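Notes follow once the structure below has been shown.
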Amino acid sequence: MNAAAQYCDDFLADMAPVLADQYRQWYPWCRETVLATIDRLASKPFLEDALGVPLSPSMLQAVRDAWLIPYRAYHLRIGKMLRPFLVCSVMQAFERDPRSLPSVVAIAEIIHAASLVLDDVADDSPLRRGGPTAHRMVGVCVAGAAGSAWLNVYLKLLTAPDAGLAPAQAQSLVDQIAWEHWVTGIGTTIDTTWPWIGRLDGTPAEYLQSVVHRSTSYTYRLPLKIGAIAAGATPDQVARFAALGEELGIAFQIIDDILNVQPGDDKWGKVLAEDITQGKINLQVLLALERLPSPARDELIDILQSRTDDPGRLGRAVALMQSSGAFDAARDIALQYVANTQTLVAEMDFLNPIDRERLAAFVDYVIHRSR
Amino acid sequence: MSMPFKAAQACATAALRHYLPQREDMDWLAEVVDRPRFGWDWPALEQGFFEPMRAWAARHDARLKPVLAGLLIDALGGDKRRHPALLAALEFSHLASCMLDDVHNGRDLAESQGEQLTMPLPVWVTVAYNARQLAPVLVMRRSPELAPADRLRLARHYLFQQHLGCLFDIWGVEQGLAHGSLLHYLTHLSNYCGAPGFGLAAATAAVAAGLDDGGVAELRQAGIALGVSLRLRALAEGEDRAILFAGRRSVEPGIHWRFACDRQVLADSAKRLDDAARYGAERLSPAAGAALSDFLDALAAPIAGDKLS
């Protein structure tokens, strides 16, 4: 069994059978399609057409060494392919064959991986999926430019004559992706500004607002919208998938924040508790600060502001949050959004029952995953 | 500087101010970003985006790209005042490019933080990201005067080329890659350092004027040629981080990956590209050619002093 399939089986452990069957069906094709699309985008013919000029040998070398290789490494490290899988899943629910629109399926993962490159720069993370991050390989500026080019390659890919999209679909997809990219920056502004200005009195509501316009976007809202638009769904149906993605994205981010400091197993590919090292002010931190008595609160603030990576101090911060009940409270809040998603899925009466069941199983997977 | 040039500059600044709130404005957030579901933290957005963006825009007030677009829109029979979002998009994109120029290409944030930056690198980079990613949104969502298909025709020219050009420039010099010929160098400059922005400005005018795909491509190419020529003229004067105009230096991203050649060769190439740009515009419309000449004449005014804009 090759590495891709091994990971796939490993990942299936957290999935309900009805979802796992579908995931098993699409995972290899998604992976192959994403890699093939990336290679096509980095090819001489595509780039010369996109840029409108013949590229010199040196420029082609830069494309390969600085644009393609560091980025492709993220994909070779075996991601979960959740975004292209979601696109396939939604298209299939509308009886559309995802294989007819490979560029559209691939773009969901291409955007996601590009956002990881930029996130890694912003967080100065040394590792991603167990390997070095792009900026550790080629430098901050090059990784930033490379990630941004991958992030925005959709403007070329989806408007190409061979994308297979109707004009209205291309317009809608470009409109939605452009908007998601923009609002993601606004959400990220809050995420990066709070530690900088030492903002410790932000409210859980303000944090959740930033979540709506940050990770929620790329993780679920965007791929669900991409799938629905590509499938030819009505504007109302697209809006319902967007709402589902938003609720699920909020729940996901809360759980992801918890997993960052309390991983469910040893297969987590990130540096443990790097959110604490970076002084991130997320929901569990805000809840802990609300609940802890003064000396413990001051101690937690001190650790958050120290940018420490000392395991002992990181462990102490986690223990303080645990003792305050912040993790349980954050999980309870996440569960409210999970409940919203289940309601939204149940109301998607335009889908057949098996597809509603798969979507519900997907939601369940997100909330109960351990990695 | 001609009156039309000054009027286009004022129009561009007004457009930028419209899409960059000058004070707390929740309506702006709701309209241009999204309606708040839980509650926007304005103070954080002000400190982490709007204030640094306003300061940067005030320091860099030449507005050359939207000025070119405005002059060409009017020349092609349109009215630049009807396209504030398109003009603002051009300027946001330009300002973002310049914002990233003081960042070093270190392997971690500490190595990459330039001394000029007064805020942490991730915050600064996010400001630039926001400015850049707002641009296609303004084209796609804030330009009702254009048909949806025209918005798409224009949006597809945003961002990708500019980012890849930036990557070429940093990586090329860092790895010591050779351009091989002046032609290859011109190819590099056509993808980087302002030329794509001038190409976008020209394409914006062409789309706003309702030109067909061929016309858009031709005028965009003229804009790119103009952009490359302006950088070559500045390089010939020893400037690698600016365009020279009317006694001022208008900051552009620095050209790091350069080609060693005689100054006269650069100046000669610039002249040829100027002519190519004028010829391309004139072929579409004599008025467009005249507008482009007006723009070039304004830039060619005597250089004096050392004011940075």
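Read-outs throughout are calculated quantities, based only on the coordinates presented, and are distinct from any laboratory measurement. The model shown is predicted, which means the values in this text are computed figures rather than measured ones. Methodologically, a virtual Cβ is constructed for each residue, glycine included, from the backbone with ideal geometry; neighbour enumeration extends over all protein chains shown.
Coupling constants for region B:255-271 follow from the phi torsions by the Karplus curve (6.51 cos²θ - 1.76 cosθ + 1.60, θ = phi - 60°), and in residue order they are 8, 9, 8, 10, 10, 6, 7, 5, 4, 5, 5, 5, 5, 5, 4, 4, 4 Hz; glycine and proline get x. Distances between every pair of Cα atoms in region A:127-180, grouped in 5 Å steps from 0 to the bin holding the largest one, split as 4, 18, 19, 16, 12, 12, 12, 6, 1 percent. Amide H contacts of B:F245 (H built 1.01 Å from N, in plane; Pro and chain starts excluded): B:S250 sit under 5 Å, all sequence-distant by 5 or more or on other chains. Taking chain A as a Gaussian network of alpha-carbon nodes connected by springs under 10 Å, the highest mean-square fluctuation of the residues A:C141, A:C88, A:C30 belongs to A:C141. At q = 0.06, 0.07, 0.09, 0.10 Å⁻¹, work out log10 I(q)/I(0) for the protein assembly as shown with the Debye formula, treating every Cα as an identical point scatterer and leaving solvent out; two decimals please. Here log10 of I(q) over I(0) equals -0.33, -0.45, -0.75, -0.93. In this structure, A:A239 and B:D268 have a Cβ-Cβ separation that, at R0 = 45 Å, corresponds to a calculated FRET efficiency of about 0.20. Check which residues have an amide H placed less than 5 Å from A:R128's amide H, if you skip close sequence neighbours. Amide H to amide H, under 5 Å and 5 or more residues apart or across chains, A:R128 pairs with A:T133.
The fraction of all Cα pairs in region B:1-78 landing in successive 5 Å bins from 0 to the largest distance is 3, 14, 20, 18, 13, 12, 10, 6, 2, 0, given as whole percents. Distance from the C-alpha centroid of region B:1-77 to that of region A:299-371: 38 Å, rounded to the whole angstrom.
At 1.306 mPa s and 10 °C, plugging the Kirkwood radius over alpha-carbon pairs of chain A into Stokes-Einstein gives what diffusion coefficient in µm²/s? My calculation gives 74 µm²/s for D.
Among residues other than B:Y192 with Cβ under 10 Å from its Cβ, the summed charge is -1 (Lys and Arg +1, Asp and Glu -1). What the phi angles of region A:143-150 give under the Karplus curve with 6.51, -1.76 and 1.60, with θ = phi - 60°, is a coupling list of 5, x, 5, 5, x, 5, 5, 5 Hz, glycine and proline written as x. Segment B:A147..B:A58, full-extension length gain: 28.8 nm, with 0.36 nm per residue of separation and the alpha-carbon distance subtracted.
Scaling the Cα radius of gyration of region A:205-267 by the globular reference 2.2 N^0.38 Å produces a ratio of 1.29.
Over all other residues within a Cβ to Cβ distance under 11 Å of A:R316, the charged ones net out to -2, with Lys and Arg as +1 and Asp and Glu as -1. Of all aspartates and glutamates in the structure, those lying under 14 Å Cα to Cα from A:K225, and not within fewer than 8 positions of it along the same chain, are A:E109, A:D175, A:E180, A:D236, A:E246, A:E247. Dividing the convex hull volume of the alpha-carbon atoms in region A:166-288 by its residue count gives 113 Å³ per residue.
Projecting label points 7 angstrom from Cα along Cα→Cβ for B:L182 and A:D349 puts them 7.3 nm apart. Of the residues B:G210, B:F259, B:I224, the one whose Cα sits farthest toward the positive end of the charge dipole of region B:172-309, with +1 on the Cβ of Lys and Arg and -1 on the Cβ of Asp and Glu, is B:F259.
Here the Karplus relation 6.51 cos²θ - 1.76 cosθ + 1.60, evaluated at θ = phi - 60°, turns the backbone of region B:103-112 into coupling constants of 8, 8, 8, x, 7, 9, 5, 4, 5, 9 Hz, with x for every Gly and Pro. In the frame of its principal axes, region A:303-371 has Cα extents of 52, 21, 17 Å, reported largest first.
Within the straight-line cut-off of under 14 Å between alpha carbons, the aspartates and glutamates reachable from B:K6 are B:D61, B:D74, B:D294, B:D297, sequence neighbours fewer than 8 places apart in one chain being disregarded. One decimal place: the segment B:W42-B:D102 gains 18.9 nm when fully extended, by the rule 0.36 nm per residue minus the C-alpha distance.
Taking R0 as 25 Å, what FRET efficiency do you get between A:D298 and A:D328 from their Cβ-Cβ distance, rounded to the nearest 0.05? So, using R0 = 25 Å, E works out to roughly 0.65. Other protein chain C-beta atoms within 10 Å of residue C-beta, averaged over A:62-71: 3. Entry note: region A:14-96 has Rg to Rh equal to 1.12, where both radii use alpha-carbon atoms and Rh is the Kirkwood radius. The simple Förster model, with R0 at 22 Å and r as the Cβ-Cβ distance, assigns A:E48 and B:D213 a FRET efficiency of 0.75. Using only alpha carbons, region B:3-299 has a radius of gyration to Kirkwood radius ratio (Rg to Rh) of 0.96.
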